[in-house]
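Derivation of every value follows stated rules applied to the coordinates shown; laboratory data play no part. Fair warning: this is a prediction, and the values are worked out from it, not measured in the lab. Positions of Cβ are generated from backbone atoms using ideal geometry, with glycine treated the same way; all protein chains shown enter the neighbour counts.
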Amino acid sequence: MMKQLHILVLNGPNLNLLGTREPGHYGAETLAEINQKLVSLADTLGVELTTLQSNHEGELVEYIQKAGQDSVDGIVINPAAYTHTSVALRDALLATRIPFVEVHLSNIHKREEFRHHSLLVDAAIGTVAGFGPSSYTMALRGIVEQLQYKQGE
Ligand code: CA2
């Protein structure tokens with residue numbers, strides 16, 4: 001019997017405002033609605049899911065460190081603006097060595113130049129961007145498939 005996988009979904013700054021402003025870029029769904037869908041998908045996939053959000057870089061670092069201590073198996077992360085700036089989040093993810101998928105609601109490559117670069121992406125299993133809230137469900141399916149494949153190796 002294989003161990004049940006534990007996945008953390010981590011959201012960065014301003015994503016708590018989803019569904020209230022800028023529906024053109026980020027859609028009409030709230031973060032709570034997105035998280036509810038992820039919890040039900042996790043149930044279907046047979047994995048344990050934790051969802052967290054913070055507007056503070058240091059707090060996100062602490063959540064990642066805690067995930068390492070708690071033996072979380074995988075992280076789905078939308079680092080939001082910290083995608084483009086944060087060496088600290090990169091270092092935390094590399095230090096814990098937890099496999100992760102980077103997620104974006106919008107297609108960062110067809111937006112302003114400064115959003116084209118991610119400080120995390122070369123360390124990620126992969127990235128999903130541009131599908132709105134579905135980016136998260138695709139990322140969750142993807143990371144679970146990868147981790148289950150590795151468990152079976
Ligand atoms: O497309 C994404 O998911 C982003 O990670 C969202 C970030 C942005 O800085 C990245 O370049 C791409 C911004 C999140 C801000 O979320 C808001 C939600 C509602 C209203 C205002 C901002």
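Reported value for region 6-152: 96 Å³ per residue, from the convex hull of its C-alpha atoms. Close amide H contacts of HIS104 (hydrogens built in the peptide plane, cut-off under 5 Å, sequence separation of 5 or more or a different chain): VAL128, ALA129, GLY130. Computed over region 1-64, the P(r) curve from all C-alpha pair distances, binned at 5 Å from the origin, holds 4, 16, 22, 19, 18, 13, 4, 2, 1, 0 percent per bin.
Taking 28 Å as the straight-line reach from the Cα of LYS66, the lysines in range (excluding those fewer than 8 positions away in the same chain) are LYS3, LYS37, LYS150. Summary of packing: across the peptides 6-12, 19-25, 83-89, the per-residue average of other C-beta atoms within 10 Å ranks them, highest first, as 6-12, 83-89, 19-25. Against the chain, whose longest principal axis comes from its Cα atoms, helix 87-96 is set at around 10 degrees.
Here the Gaussian network model covers the chain, with springs between Cα atoms less than 10 Å apart; of ARG90, ARG111, ARG141, ARG111 fluctuates the most.
Take the Cα of GLN65, step 7 Å toward its Cβ, do the same at GLU113, and the gap between the two points is 3.7 nm. Name the residues of region 81-112 whose amide N is less than 15 Å from a point 7 angstrom out from the Cα of VAL121 along the C-beta direction? Only 81-86, 101-112 pass the distance filter.
Label separation (GLU33 vs GLN146): 2.8 nm, computed from points 7 Å beyond Cα along the C-beta direction.
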